[in-house]
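The values are calculated or read from the model by the stated rules, or taken from the named source; none is laboratory data. None of these values were measured; they are calculated from a predicted model. Every residue, glycine among them, receives a Cβ derived from its backbone with ideal geometry; neighbour counts consider all protein chains shown. Side chains included, ligands, DNA and RNA excluded: accessible areas come from the protein's heavy atoms. Shrake-Rupley method; radii C 1.70, N 1.55, O 1.52, S 1.80 Å.
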Amino acid sequence: MFNKLSILRSAVSDVTVQMDSLQLFLDQFQPSGEAETVWLKQVFSFVSQHLEPELSGHAPLPVGVCVDQLSVCVVKKIQENMCVTHLLPVSYRLVSVSELLSQQHLACVSNTSWSTNQQRAWAKEAELSLPGHLALPRVNLLLIGCLREGGAGEWRLTDASGSVRCECLSPSPLWLNRPVFLPHWNYIPHNAPGQDQDQAGGYLELIGSPVLLCPGPEQGLAPSPRGGAGLSRAVGVREAAGLLDNRTRGQRVSVFGLVGSVCPQLVVAGTAFFCFWLTDESHTVRVLVKDRSRLWWTQCVYVGQCVCVTALRVCVLRGWRGSNILCVTDQSEIHTNYTHTPVADTHTDTPMDTPPPPMMSHVDDEDCQEVEPERGVNQSGFRMKKSRVISYQGTVTKVVSEGAGLYVIDRKVGLCLAYQPTLMRKLRAGDSVELHHVHFLYRPCPDFPPSMLCTCLRSSLRVTTFSRVGGSSSSSPSPDSSCPGDGVLPRLLLERNMGVSEYLWTCHLSSQLTHSLVPTVLKQQCVCVLSWKLMECVWRRGGGGGGGGGGRRDIYSEMLDEPHTCPLSQYSTNPTVHQSISVSELSRSLQPESWSSVSLRSLLSSGGSGLTRSQINSALAWSFRTQTGDRPGRRPLLVVGVLELPSETSDHQTLQLRDGTGGVACVVTETREEEEGGQRSAFNTAWIGCLVCVQQFTMVTERFLQSDFPSYQHLDQDQYITHTHYRVYLQFSLDHLHILSPSVAMVTHLSQKGEESRGDVTGRKHSVEEEEETEGAATAEKKRRREASSSSSVTVTTGPVGGGSRPGVSMVIRVEQKEGVAWRNLAGPKQAGLTLCFSVRAAVIGPVVSWGRDPKNEPMTDREMETDSGDKLVLVLSGGSARWFPLLQPGGLYRLTAPNTQDPSVLIGCGVSGRKGVELHTDSTLQVQSDWRLHTVTRPLLQALSPTHLSVSDVLDCRSELVCFQAQVCDRISLNDRTSDSGAGVCAGVRLTVCDQTGRSLQVYLDLSHAPYPPGLLPGNTLLLSGFQRRVSRSGGVYCSSLPVSSIAVVSVGDLSSARPPPAPMMHLGVWAVSREQRCIVGQVRGHVVCFLFLQLQWSCSLCGSVFIQTCSSSQCRSSSSVFQSKAKIVIDDGTGEAHLWLSGALVRPLLGLADSQWEGLQRALRVRGHVRVYPRGRSLVCDSDDPLLHFLVCVCSSDVVCRQLSLTCRKQNNQRSQEMKRFSRGERDFMTRVSPPLQLTCLQLNAD
C-alpha cells in the first residue's frame, strides 16, 4: 500500500512539473489567440514525446537545458526562418518521422522562408528548366530531430518514433548527434522516380544547412588525449608522403590537404570501405576508411575541399601491389573546410584559398574525335580507342534507366554509372552533378549520345543541387526508366566484365525488347537476361569482343594506382553493330510514305519513253523493292519475335513473326534433312512458338498500282492513278535464326537431332554459320542444344500451340500431295459462305493411338510403327485448321492429334457411298477440326523419299497434262481484271517466266481471283509448282496454267538485289532452224549482220497507235500524246545458217550505231512527216529517192557500223512457216525444189562485241 502511494505521488509530481514547464513555455511567447495557444501546446507536446526522449536516450541534455527551454529554442528557430518573423506559423505542423514515412506518399518540398509568390516563381522556373516534368508540390510540414550516422555510411534524421535516411549536399561533422530543425527539405517516397523499389519508406534531401537547436562542443586545437597527433601537429601531404616509406609501429599522424579524388564505397567480403586522395602541388597520399563508425565521412568529403584527418596510421593494404597507405583509426576525426594555422593561432573554418580543379560544362564533338586516337581496326569494323579522363559538371535532363545506371546530362551528354556500385540515392531528372576523374568516350554505341561519360572506381560523383521536379507530367512512367529488372544488367556486367560498348548496346536492346515483348510475349524479369544472351550472340558473331572487358577487375589498382588503368581506359566502337527494331517499326519502314515519292519512270525499262498507253500501265501494275537486313552503309537490323501460324483473318497464308507490337508475314525456307541437303519450304512444326532472333533476312515491299496514264510524259501527274495497294513481308531461312527461347516441341526436336546426328558431319546447320563451317554440323547441334537449355530460364508467355497435359488420340501420316489454298463455298452451319480451304492427300502410316497427354513431336512409338497398310486419306482443312497450310509439305511425316477425346473413330475418314455393284476408287475423307494439332515427326526408316520434281526442260519435252516442277523466277507480269474485284486485291492474275539451270524458260499463268495472294513470287526465288496444267498454244508454244488444285511453295530464297537468270544456251542457226521440238525457245546467237531488210521509224498515238502528225491521224481519237517507235528486220548469219531477226524499241538505236544526240535529232526530223519506212534491196542497197532523210537512213543501214559481228539473246517465234515448193530457172531448164523458210527470231538483248 505504501509503494502504490509513492508511485501515485511521483506521477502527480511529474504531471505538476510538466504543467509548470508548459505554463513557463507559454509565458515566454504570450499567444494572442486560441490558434497560437493550441499550436504552442502542440510544439511542446511534440518536443516532449519525440525529441527529448531521443536526446536523453543517447546523451544527456546540455547543462541547464530542459524541455521547456528546448521547446522555446525550437519555436524561436522556426520563427527566425519564416518569411514573417513576428507571427507564429500556425499553418505549419510538426510531423514525426514515422508519420512522414507512413502518411506521405507523394514527393514534396517544404521551405519555411517562402512566400506564396516566391514558391510560384520557384515552381515555374523548375518546370521551364525541364519541360514535361512537374515541380514538387509544397507542404507545410516541420521536421525536427537528431542527425545520426546509419549503417553503410548514411546519415539519418531520428526521433523517438523512428529514423529516415538523409541526403546532404555538403554536410559538416559538427551536425552529427545534434538536435536540428530542417528549414528546407525534399521528401522522396519509395514509389517516386529516383527511389529504389525495394527500399521501404523514402528519404530526405536536405537543401541548405540544418539549424542547430542546442550548442555543442567545438572542434579545437587540443592534442589527442593519448598524446597522439592532433590538429596542432597536423602535417601536409608532402611530409605525410615521406612518412609512408618509414612505417613506425604505433605512430599516429594528422594530415591536411586538398581532396583530389573520392572513390565510391565498396563492400568486399562483408567489409565496407572507401578511399580518398589528399594532394598538394606535387604529392599525393591515399587514405583508407574502413572503420564502420567513420563510413559517414563519404558524404563529408568531396573533390576540391580542404580537410584535415587526425590519428591516421600507416598500414599495408593486402591485394594492392602499390606502396603503404594511410588508414583511419577509431580515434580519427575529420575536419572539413580546414585552414592550417600555426599552433599559436586558433582554428577557423575559413576554406583554403585554393584554385578549384578544372571543370568542363560542355563537350565539343569535333574536339572529341581529335583527342581519341585509334588503337587499331580489325576486319569486322571494330575500332579500339583510348578514353580521356576529365571533370564535368551539368544537370541530369533524362533518366534513361535507373537500374542500369544510364542518364543524360545537359540533353546531349550520356552518363553511365554501371562500373561503380549502385548509388544509395538514384539520380533524378533535374539534379545538378559534379563529376571528377570520369572517362570521356566518343561514340561507344550508336544508340546513345555521341559523347558519353563513364565512371569507374576512381571516379567521384557529387550532387551539388537537388532536383526541384517530381515525376513526368504524363500519367504513366517512361518504360525506359521503370523497368524493375534492369538492375540485373550491372550484376551481369560485374560477373562477365564486358566492355562498355557491349553494355550500352545491351541496355538499349533491353529497353527495346521491354517495349516490344512485355507483357504479351515475355515476363518483365526475363528481358534483361534475354538481352544479355542476345548481346553475347551478336557481338561474338561480329568478331569483336569489347575493348575493356574480358579480364578480372583489380579494384585496388583501379582506385589507387597512378597512372590509372581500368576497363574504361580503352574501349571498342562499332558503328555497324546491329540495330534492334520491333515488328511494327519494321512494317512501317517498308510501307511507302506516298506514291508521289516513288519515281514511276524508274520502274520502266530504259526504253520507257517509247511505250504506248497500255504498255506503260501494264508495266506499272506491279513493282517490288527489296532490302536486306545487312543494309550497305547503314546498321544491320535485328528483329526478335515469336514464330506463329497465320491467323484466320490473315491475308497471307504464311508463317508470322510476331511481337507485342504486331506481326509480319514471312516466307520461310529451311535445309533438307536428306544427305543431299539443299533448301526446301519450311515443314518443321517445332518452330511454332519459338522466340527467335532474325538477323539475316530480306525485307520485301510489293506495290500494286492501277493507273490510266496516257503517255510517258504524264507519269508525274497523280490524277491518273486510280488505286494503290502494297504488301510487306520478310524472307529468310530457318538456318539463320537464333533461338532465344525454344518451344517444348523444339526442345524435343533438338534432343532427337542430337541422337541422330551423332558422328554425322553433314547434319543441319543451327547456329552461327561461321562457326559451323569449322566445327561441323554435329558440334553445331550440341551448341544449339546448349543454347536452348540455357534459354529455358527465359519464359515465353505465349507458348507453343496446344497444351501438353490434355489427353487425345493421334495417328501418323505421310503427306503425298497438297492442293492450293483458296476461298471455297463450304456447306455447313459453322462454315457458310466463302472459307479458306485446302486438302491434303496422305498415306496412313499406322493405327490410331490413344494418349493420356499430348505427345507433340516425340519419337514414334512401337504402337505407331505398324506395317504401312497402304491406306490413303484426304484431309480437308478449312477455317481455323487452314492455318497449317505453310508447314504441310509433300514427303513430310506428321502426327495428327485430336485433343480431349479417347475415341479413335474421330480420326477415321468417311467413305463415299455408291450404288450396289459400283466399284469406287476414292479415298476416305477426314475434316480436320480447328483445335486439332499437327506435329512434324522424324523416323528414318519411314521417312519418305523426296518427291521427284520435273525441271523446266522436262516440262517442255514431256507430254503429261498435269505437271509438278521446280523452277527459278526470271520475270513477272501482273494481269489485272478491271471488270471485277479480285480476291487478291488489285492483282487478279500473274504471268511468271521461269527457267532452270540450262537457261530454258517457260511461262506460267496464275489465276488469283479466288485464292489468297501468295508472297515470294519474286525474280531470283525458286518455286515448287504442283498440280499445274501443261498446255500448248495454237502456235505450238508450251505454257502452264494454274488449276483449283494447284499450289505454289517457295523452296529457296535468292539474292534479289543481284538476281540474274541463268544464261540462255548458245544456239547454231542451222540446227535451230530445222528443230521442230520445243527444246529451246530462248537462246544466244553469235553472228554477223548480212543486210537490212526493213526499217520503220514512226511517231504513234499513245492511245490508239495511229500515225501522229501534230495530232493523231485517226478521226476518232485526236489525242495530243505521242510516242516514238522503231522497228527493224535484219539478216544474220553465224556460219551454219541464216535467220531473220526482228528488233524493236530501244534495241534499234544501238543496232544503227547512233549516239543519243543523233537519235534525238532523228526523232525531231520525223515530227513533221510522222513516219518513214526504208525497204533496202537486200544485199544490193540502192536509194533512188531524193529525200535526204531516207538517203541518210539507207547509208546508215549499209555502213560497216551496222554490218558487224553481234552477240544476241533471241526468242524463237512460234509461227515458223513450213517448207515451200519454189521454181528456179537455169537457162532453158526449170527446177522445182523444196525450200525451208528462214528462221524467224525476236531479239531480246543486244550486246556488241
>> If each residue of separation counts as 0.36 nm, what is the full-extension length gain between Ala1146 and Arg672 once their alpha-carbon separation is subtracted?
In response: 166.2 nm
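Would you kindly give the portion of the calculated P(r) for the range 223-303 that falls above 15 Å, as a percent of all Cα pairs? Let's see the in-between values first.
On the way: 2033 of 3240 pairs.
Summing the P(r) of the range 223-303 above 15 Å gives 63 percent of all pairs.
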> For Ser584 and Ala152 in one chain, what is 0.36 nm times their gap in residues minus the Cα-Cα distance, to one decimal in nm?
Replying inline: 150.9 nm
>> Give me a comma-separated list of calculated 3J(HN,Hα) values for the range 148-165, in order, Karplus coefficients 6.51, -1.76, 1.60 applied at θ = phi - 60°, integers in Hz, x for any Gly or Pro.
In response: 9, 7, x, x, 6, x, 8, 9, 9, 9, 10, 9, 5, 8, x, 9, 9, 5
> Taking the Cα-to-Cβ direction at Gln251 and at Val1071 and moving 7 Å from each Cα, how far apart do the two end points lie in nm?
Replying inline: 10.3
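The range 398-442: which trypsin sites (Lys or Arg not before Pro) are DSSP loop and have at most 14 other beta-carbon atoms within 10 angstrom?
Working: sites: Lys398, Arg411, Lys412, Arg425, Lys426, Arg428; in loops: Arg411, Lys412, Arg425, Lys426, Arg428.
Qualifying residues, ordered by number: Arg411, Lys412.
Filter the trypsin sites (Lys or Arg not before Pro) in the range 632-737 down to the DSSP loop ones having no more than 13 other Cβ atoms within 10 Å, then list what survives. Mind showing how you got there, number by number?
Values: sites: Arg634, Arg658, Arg672, Arg680, Arg703, Arg727; in loops: Arg634, Arg672.
The qualifying sites are Arg634.
For the peptides 875-887, 151-163, what is the packing order when you average, over each peptide's residues, the other Cβ atoms within 10 Å and list the highest mean first?
875-887, 151-163
Just order 601-614, 576-589 by mean Cβ neighbour count inside 10 Å, highest at the front, would you?
Values: 601-614: 16.1, 576-589: 19.2.
Descending packing order for the listed peptides: 576-589, 601-614.
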>> Taking amide H atoms as placed 1.01 Å from N in the peptide plane, list the residues 5 or more away in sequence, or in a different chain, whose amide H sits under 5 Å from that of Ile409.
In response: Thr397, Gly414, Leu415
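Work out the FRET efficiency for Glu1220 and Arg959 from their Cβ-Cβ distance, taking R0 = 45 Å, and round it to the nearest 0.05.
On the way: r = 29 Å, r/R0 = 0.65.
Calculated value: 0.95.
Full-extension gain between His86 and His1171, please, as 0.36 nm times their residue separation minus the C-alpha to C-alpha distance. Numbers along the way, then the final one.
On the way: separation 1085, 0.36 × 1085 = 390.60 nm, distance 10.85 nm.
379.7 nm is the gain from fully extending His86 to His1171.
Could you sort 79-90, 992-1003, 556-567 so that the peptide with the highest average Cβ count within 10 Å comes first and the rest follow in order? Please list the in-between numbers first.
Values: 79-90: 14.3, 992-1003: 20.5, 556-567: 18.2.
Output ranking for 79-90, 992-1003, 556-567: 992-1003, 556-567, 79-90.
Tally up the carbon and sulfur contribution to the accessible surface of the range 852-894 as a whole percent, 1.4 Å probe, everything protein left in place.
Using a 1.4 Å probe with all protein chains present, the range 852-894 comes out at 49 percent carbon and sulfur.
For the range 84-134, rounded, prolate or oblate, judged on the Cα gyration tensor with a ≥ b ≥ c (square roots of eigenvalues), a/c < 1.5 rounded, else prolate if a/b > b/c? If you can, show how the numbers build up before the last one.
Values: a/c = 4.15, a/b = 1.21, b/c = 3.44.
Oblate is the answer for the range 84-134, as a/c is 1.5 or above yet b/c matches or exceeds a/b.
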> Which cross-chain or sequence-distant (5 or more) residues have an amide H under 5 Å from the amide H of His133, H modelled 1.01 Å from N in plane?
Replying inline: Ser473
> Within the set Lys753/Lys856; Lys385/Lys412; Lys818/Lys872; Lys41/Lys124; Lys386/Lys426, which residue pairs have Cα atoms separated by over 25 Å?
Replying inline: Lys41/Lys124; Lys386/Lys426
> Once both labels are modelled 7 Å past Cα along the beta-carbon direction, what's the Thr722-Cys1195 spacing in nm?
Replying inline: 4.9
> Computed FRET efficiency, Cβ-Cβ of Thr576 and Lys386, R0 22 Å: what is it to the nearest 0.05?
Replying inline: 0.55
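Report the percentage of all Cα-Cα pairs in the range 274-314 whose separation exceeds 14 Å, rounded to a whole percent.
Working: 413 of 820 pairs.
Result for the distance tail: 50 percent.
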> Put a dot 7 Å past each Cα toward the Cβ at Ser1033 and Glu125; how far apart are the dots in nm?
Replying inline: 8.5
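Could you do me a favour and compute the accessible area per residue for the range 20-178, 1.4 Å probe, result in Å²? If you can, show how the numbers build up before the last one.
Details: 7320 Å² over 159 residues.
Accessible area per residue, the range 20-178: 46 Å².
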> Which residues' amide hydrogens lie under 5 Å from the amide hydrogen of Asn1021, considering only partners 5 or more residues apart or on another chain, with H built in the peptide plane?
Replying inline: Val969, Gly1054
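So if we plug the beta-carbon distance of Ser751 and Gln997 into 1/(1 + (r/R0)^6) with R0 = 35 Å, what FRET efficiency do we get, rounded to 0.05? Write down the numbers at each step before the final one.
On the way: r = 38 Å, r/R0 = 1.09.
In this case the efficiency is close to 0.35.
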